[in-house]
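Remarks on the structure that follows.
The values are calculated or read from the model by the stated rules, or taken from the named source; none is laboratory data. The structure displayed is predicted, hence computed values, not measured ones. Ideal geometry is used to build each Cβ from the backbone, glycine not excepted, and the neighbour counts take in all protein chains shown. Heavy atoms of the whole protein, side chains included, go into the accessibility calculation; ligands, DNA and RNA do not. Shrake-Rupley method; radii C 1.70, N 1.55, O 1.52, S 1.80 Å.
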Amino acid sequence: MRKPFVAGNWKMNKTVEQAALLVADLLPGLEAVKTVERVICPPPTSFMVVSRLLAASDVGLGAQNLFWEESGAYTGELSVLMVKEFCKFVIIGHSERRSLFGETDDTVNLKMKSALAHDLFPILCVGESLEENESGQTGTVVARQVKKALEGIEAGVAEKIVVAYEPVWAIGTGKAASPETANEISRDVVRKNLAECFGANIAAKIRILYGGSVNKQNAADFFSQSDIDGGLIGGASLKAEEFVGIVDAAA
Ligand code: PGA
């Protein structure tokens, strides 16, 4: 069966010192739950210190983004090799990257291919905007995002992929999707499209997360759904007690 997966996306929060304090707070609770794959994604300035603090544990380190080239004249970018020096996981195509920093289905696809070619485990984010949701386009939009992101990716590496379904209107708003609706999209759109890309057997092994205003109160309702295998957690991943509570709910 699919091992539950919970990742904390710290976004643009925490200085190095604050990151070290948060990891120290998180570690005892995270260490206690071996049945869940636990990942934290701090900003790159903290990779060095956080990777040292995690070295003796099985808690994984992830990046929030990468650039697909290994090196070169790309001012301000973080290359796939630089991510690879510290991280096993990388979030790709987060809605904030798409809406604020011009990422498209095509650049998301380049990042996915680069991450997999360098043996990273990508966490691919998909999800519809409020407008798309209200005009009944959720299925079409999410299907397109999944298909485009995975174009040209071989089935042989597909099990490394984790997909996070994150309705944009639920991110950071305190208005989570209903667990039943999130499960429908995960099963009937995300997993169905994964099956069309890679075949049903491989699609059945790929973890699908829900993200968007998950907290320790509502987490269990999401994680008990048939096709939701964990969560991608933003705001609540910055508070040790909340994040550990969410990981506990996934166990
Ligand atoms: P949130 O963010 O948990 O703060 O809603 C989720 C995300 O952006 O991944």
**Cα lying deepest toward the dipole's positive end in the stretch 118-167, options V162, T138, L150, charges on Cβ** = L150
**Complete:** For the chain, dividing by residue count, accessible area per residue (probe 1.4 Å) in Å² works out to 44
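For the chain, what is the mean residue ellipticity at 222 nm derived from helices alone (per DSSP H run of n ≥ 4: -39500 (n - 2.57); sum divided by total residues; nearest 500 deg cm²/dmol)?
On the way: 12 runs with 102 residues, N = 251.
It comes out at -11000 deg cm²/dmol, rounded to the nearest 500.
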**Message:** 5 Å is the cut-off here: which amide hydrogens, built 1.01 Å from N in the peptide plane, fall below it relative to I92, excluding neighbours closer than 5 in sequence?
**Reply:** I123, L124, C125
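Based on the Kirkwood radius over alpha-carbon pairs, what is the Stokes-Einstein translational diffusion coefficient of the stretch 119-251 at 37 °C with 0.692 mPa s viscosity, in µm²/s? Each step should come with its number before you reach the end.
Values: Rh = 14.9 Å.
Translational D for this selection: 221 µm²/s.
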**Fill in**
With Cα springs under 10 Å, the Gaussian network model of the chain assigns the largest mean-square fluctuation among S129, S213, S226 to S226
**Item:** For the stretch 169-185, Karplus couplings with θ = phi - 60° (6.51, -1.76, 1.60), whole Hz, Gly/Pro x
**Value:** 5, 9, 7, x, 9, x, 10, 6, 5, 6, x, 5, 5, 4, 5, 4, 5
**Request:** Name the long-range amide H neighbours of L209: under 5 Å, sequence gap of 5 or more, or other chain; modelled H, no Pro or chain starts.
**Result:** V163, A164, Y165, D229
**Item:** Derived scalar couplings ³J(HN,Hα) [the stretch 19-35; Karplus, 6.51 cos²θ - 1.76 cosθ + 1.60; whole Hz; x for Gly, Pro]
**Value:** 5, 4, 5, 5, 4, 4, 5, 6, 4, x, x, 6, 4, 6, 10, 6, 7
**Asked** Pick from I161, I123, I202: which is most flexible by mean-square fluctuation in a GNM of the chain where alpha carbon atoms under 10 Å apart are linked?
**Response** I202
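Find the percent of Cα-Cα distances in the stretch 1-90 that exceed 16 Å, and round it to a whole number. Walk me through the numbers before you get to the answer.
Numbers: 2158 of 4005 pairs.
Cα-Cα pairs of the stretch 1-90 separated by over 16 Å account for 54 percent.
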**Message:** With just the Cα atoms defining each centre, how far is the stretch 154-206 from the stretch 6-24? Give it in Å.
**Reply:** 26
**Prompt:** Highest GNM mean-square fluctuation, the chain, Cα pairs closer than 10 Å: which of S237, S57, S224?
**Reply:** S57
**Message:** In whole Hz and in residue order, list the ³J(HN,Hα) couplings for the stretch 190-196 that follow from phi through the Karplus curve 6.51 cos²θ - 1.76 cosθ + 1.60, θ = phi - 60°; x for Gly and Pro.
**Reply:** 5, 5, 4, 6, 4, 5, 5
**Request:** Count neighbours as other Cβ atoms within 10 Å of each site's Cβ, and list the GluC sites (Glu not before Pro) in the stretch 12-63 that are DSSP loop with at most 16 such neighbours.
**Result:** none
**Prompt:** Leaving out same-chain residues fewer than 8 places away, which lysines sit with a Cα under 26 Å from that of K239?
**Reply:** K3, K11, K14, K34, K88, K175, K216
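Taking DSSP loops as anything outside H, G, I, E and B, show the longest stretch in the chain free of chymotrypsin sites (Phe, Trp or Tyr not before Pro) there with at most 11 other beta carbons within 10 Å.
Looking at the chain, 102-251 is the longest stretch - no exposed chymotrypsin sites (Phe, Trp or Tyr not before Pro) with at most 11 other Cβ atoms within 10 Å.
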**Prompt:** F67's amide H: which non-local residues (gap 5+, or another chain) put their own amide H closer than 5 Å, with H modeled 1.01 Å from N in plane and none for Pro or chain starts?
**Reply:** L78, S79, V80
**Asked** Just how large is the dipole of the stretch 110-251 about the Cα centre, in debye to the nearest 20, putting +1 at every Lys and Arg Cβ and -1 at every Asp and Glu Cβ?
**Response** 360
**Request:** Give the span of the stretch 53-175's Cα atoms along each principal axis, as three whole-Å numbers ordered largest to smallest.
**Result:** 45, 33, 32
**Complete:** Semi-axes in Å, largest first, for the chain (Cα gyration tensor, √(5λ)) are 25, 22, 17
**Of all accessible heavy-atom area on the chain, the percent that carbon and sulfur account for (1.4 Å)** = 53
**Globularity ratio of the stretch 38-110, using Cα Rg and 2.2 N^0.38 Å** = 1.14
